[in-house]
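The numbers here are math on the coordinates, done by the rules we state, and not lab data. Keep in mind that this is a model prediction, so the values were computed, not measured. All Cβ positions, even for glycine, are placed from backbone atoms using ideal geometry, and neighbour counts span all protein chains on display.
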Ligand SMILES: Nc1nc2c(c(=O)[nH]1)N[C@H]1C(S)=C(S)[C@@H](COP(=O)(O)OP(=O)(O)OC[C@H]3O[C@@H](n4cnc5c(=O)[nH]c(N)nc54)[C@H](O)[C@@H]3O)O[C@H]1N2
Ligand SMILES: Nc1nc2c(c(=O)[nH]1)N[C@H]1C(S)=C(S)[C@@H](COP(=O)(O)OP(=O)(O)OC[C@H]3O[C@@H](n4cnc5c(=O)[nH]c(N)nc54)[C@H](O)[C@@H]3O)O[C@H]1N2
Ligand code: SF4
Ligand SMILES: [Mo]
């Protein structure tokens, strides 16, 4: 018998409601939930793979232990005992910083992992914390911290009401939106044009998104900060800059004007890769509507000037009066006040409180840049990392110079991975501790409603049972943390263990209920929301459009926006230097990345329905560059950089700018020790074998994926 159960897709940031057809605890069909007021029935091809993930024969279904090359199942009791024993041994011998943790992207897509992860990290006690943040959105968070006083206070483009939208370094047609949670983001962007608005895309590649825009502007990889400075200086110079209502609570307007003045359109044009006249025209156009907004994402922040560029997007939004204005860059108010909760546990954010041991890169929010992980393992000395725990991450494929990391991991005294697959990273673990997948857990989106274009809420109960041998992340992370504390004797350990036991006894549902009740729509704040109220609306609740919230919602001490934080002002000197040094265009090729609709970072290539068809891990090469190098579509060429080389399949296309080549990330599944049958037969190559762990935005420590110098050669 087929039963229909509601759930929420947790694969990307769009939070689509889904209807699952379930037979004997197996998912046999997936549809969009048309009654979901937020996603309105929209899903993408990845949702169809929700059942493939749950039922994947390669999935790890019981704890596994590795001895040399041999894996054998172990009981949970002995796995946890061994975990604690080996972590503690490293801690005692080498100190707490010798134990590191890397937290991957799916953690953010599980509220039960998010709620318990801080306890787990604390129990590990490590200063050596790393996550996917520093290969992703860290620059946006740094800008939020410095300007608005909280690392999570991210302005979201109000695309449902915008009239003019600039999309920089994002490809929502493939990614479905990032730091821009919106059911059916494509339709929402198309609607801007349907109501007479204008959409402009800035990208070194004419992306699927650019194909659907009014204008596509080729930008030079790493050119965004230069371009944005040129736009700002033009606006001030032409008297078009106007912060609107924000004038009342913005500090530093005149300082910003003075700071950007030297960076005229004429001066930045070459480094931006955009002609002076075009910069001036675009600046005027942007200022020409009362509902313009600028949105920047991956391509903007994972580059050499990523921190500055992410900041300049915000600064530009202030300068055109878009901050906190309808149709501008607004601040959501979701049902769980994530900012308030994180501030309450001391997580408003900080930057540069300590630095990495080997290279001296700054921490952010207590985390070190993951571009330093390999060197922290393979460089001897006091504080060297000797043990690593990965939680839902695949850094061998996802971090720059992943090949170096793959060489470093076997040097660890102990490694444990909490994951669902034995993949390119987790194959190096001594213990593999498997968890449930999204459809087997309850789902409330703690993280992404905070980034949504409408205030929304939806709670889904687990749709199918988890295999008996795996644990839910809530249970596993609290269990491991408690076991670690129990093995120690300090008063602090005892106190934390007490708090943890209380949280465990309460359970994740009561925790969510409490968070909803104390939240802005909650019963304790004069509203009606509680977990039971939310569950009474199984398709989800619409809590209305975004509303202006400043200045009261600011987290700065004086409730004012810091328009020109010193950190970013100082970084302008680096821009100045780059302008002087770089009069001409680079000679060789530079590499950028891309995302694909039927792919999800590195971990969904074991679903046949997603990977079948022509090989997709292709290197896009401009026809002129192809001619110059004597290569054509279908050739396999050697792609080399300072750090490594890979063989890739060429696809000649004029959608990529001259001098730039593009390769998707997350591929490269040829490791025989991984257990991913389907992925191995669609292996592709890993872009991160040629990206460079030494190439980062020095301001934020974020990896620079965009603009890596490469050469291609036939054969
Ligand atoms: N060159 C280049 N590199 C990039 C990027 C790029 O654009 N270009 N993008 C970067 C970005 S934005 C990100 S977010 C990172 C991602 O980097 P990571 O988070 O390190 O990598 P993922 O590929 O998302 O791997 C997710 C891991 O979680 C496991 N997993 C999946 N679901 C669950 C679950 O429910 N529980 C547990 N415990 N494990 C689970 C998977 O098996 C996999 O091992 O990659 C980054 N790397
Ligand atoms: N289908 C699918 N959806 C996903 C993911 C996935 O892997 N697959 N991953 C999810 C994750 S973890 C994230 S973080 C989001 C990311 O979502 P997006 O931010 O939309 O990421 P991308 O699609 O990688 O788009 C980045 C764009 O930046 C361009 N670019 C490269 N360098 C530069 C530059 O220097 N300047 C400018 N202006 N542009 C540049 C690239 O050509 C590319 O088109 O997507 C999420 N959604
Ligand atoms: S757009 Fe994202 S949330 Fe929606 S179905 Fe696709 S992967 Fe899932
Ligand atoms: Mo990401």
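Rounded to the nearest Å, what's the spacing between the alpha carbon centres of the range 160-181 and the range 619-637? Just the number, please. About 30 Å separates the Cα centre of the range 160-181 from the one of the range 619-637.
When peptides 636-643, 105-112 are ranked by their average number of other Cβ atoms within 10 Å per residue, the highest-first order is 105-112, 636-643. Exposure proxy ranking for 490, 289, based on other Cβ atoms within 10 angstrom of each Cβ and starting from the fewest, stands as 490, 289. Backbone N atoms of the range 516-549 closer than 11 Å to the 7 Å Cα→Cβ label point of residue 344 belong to residues 516-520.
In a fully extended conformation the segment linking residue 514 and residue 574 would gain 16.9 nm over its present Cα-Cα distance, using 0.36 nm per residue.
Scaling the Cα radius of gyration of the range 558-668 by the globular reference 2.2 N^0.38 Å produces a ratio of 1.47. When the helices of the chain are scored as -39500 (n - 2.57) per DSSP H run of n ≥ 4 and the total is divided over every residue, the value at 222 nm lands at -9500 deg cm²/dmol. If the segment from residue 2 to residue 77 were pulled out straight at 0.36 nm per residue, it would be longer than the present Cα-Cα gap by 23.4 nm. Take 687-697, 588-598, 234-244 and order them by the average number of nearby Cβ atoms within 10 Å per residue, most first; the result is 687-697, 588-598, 234-244. The modelled label-to-label distance between residue 557 and residue 354, using points 7 Å beyond Cα along the C-beta direction, is 2.5 nm. Projected label points at residue 382 and residue 633, each 7 Å from Cα along the beta carbon direction, are separated by 6.0 nanometres.
Shape analysis of the chain places it in the rounded category; the axes a ≥ b ≥ c from the Cα gyration tensor give an a/c below 1.5. Cβ-Cβ distance of residue 69 and residue 254, R₀ of 60 Å, FRET efficiency by 1/(1 + (r/R0)^6): the value works out to about 0.40.
Note on the range 306-382 and the range 183-249: Cα centroid distance 23 Å, given to the nearest whole angstrom. If you take the alpha carbon atoms of the range 3-55 and fit the smallest convex hull around them, that volume is 62 Å³ per residue. Label sites at residue 85 and residue 187, each approximated as a point 7 angstrom past Cα along Cα to Cβ, lie 5.7 nm apart.
Note: relative contact order over the chain, using C-alpha pairs below 8 Å and six or more positions apart, is 19 percent. The residue 654 and residue 528 beta-carbon pair, evaluated with R₀ = 51 Å, returns a calculated FRET efficiency of approximately 0.40.
Between the alpha-carbon centres of the range 504-578 and the range 28-51 there is a gap of 26 Å.
In terms of packing, defined here as the mean over residues of other Cβ atoms within 10 angstrom, the peptides 390-401, 85-96, 115-126 line up highest first as 390-401, 115-126, 85-96. With r as the distance between the Cβ atoms of residue 266 and residue 34 and R0 = 56 Å, compute the FRET efficiency 1/(1 + (r/R0)^6) and round to 0.05. Working from the Cβ atoms, E equals 0.60. Extension gain for the segment residue 713 to residue 240, taken as residue separation times 0.36 nm less the Cα-Cα distance, is 165.4 nm to one decimal.
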